[in-house]
Amino acid sequence: MLLEEKFVKRNKELQKKIILEIEKVKMGQSKKNILQLQAILKDLKESSEVKNKTLSYSRIIIDSWDYTDQLGIELIELAELYKKINIS
């Protein structure tokens, strides 16, 4: 699978996870910051539409999320994949 295809697939999966996490926050089941989640979702949507967009959500995750947070880990991995695509 090409890197671009892998990125698109993972991006869609993670957008769904972020939407679910936003719902959990609204129901009091998650302590994540809803504004951060919405910003991350916006970043993910734009990265699938705009080539060479700078993803800014990595800083949010690194600075304020627990480093063992599984969703955070997956989002950082996606950002790394996105960098590889835009370098090549």
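All of the numbers you see were taken from the coordinates with simple rules; none came from a lab. The structure displayed is predicted, hence computed values, not measured ones. When we count neighbours, we look across all protein chains shown, and the Cβ atoms used for this are built from the backbone with ideal geometry, even at glycine.
Odds and ends about this structure:
- Gaussian network model of the chain, springs between alpha carbon atoms under 10 Å - residue of Leu55, Leu35, Leu78 with greatest fluctuation: Leu35
- Using R0 = 35 Å, the C-beta based FRET efficiency linking Glu49 and Ile73 works out to 0.90.
- Phi-based couplings in Hz for the range 75-82 (Karplus 6.51, -1.76, 1.60; Gly and Pro marked x): 5, 5, 4, 5, 4, 5, 4, 4
- Proximal lysines relative to Lys6, as straight alpha-carbon distance under 25 Å, when same-chain residues fewer than 8 apart are discounted: Lys16, Lys17, Lys42, Lys45, Lys51, Lys53, Lys83, Lys84
- Positive end of the dipole of the chain (Cβ unit charges, origin at the Cα centre): among Leu41, Leu81, Thr54, the Cα lying farthest that way belongs to Leu41.
- For Ile85, Ile73, order by how many other beta-carbon atoms lie within 10 Å, fewest first: Ile73, Ile85
- The phi-based Karplus calculation (6.51 cos²θ - 1.76 cosθ + 1.60; θ = phi - 60°) puts the 3J(HN,Hα) values of the range 53-66 at 6, 7, 7, 9, 5, 4, 4, 4, 5, 5, 6, 10, 9, 5 Hz, whole numbers, x for Gly and Pro.
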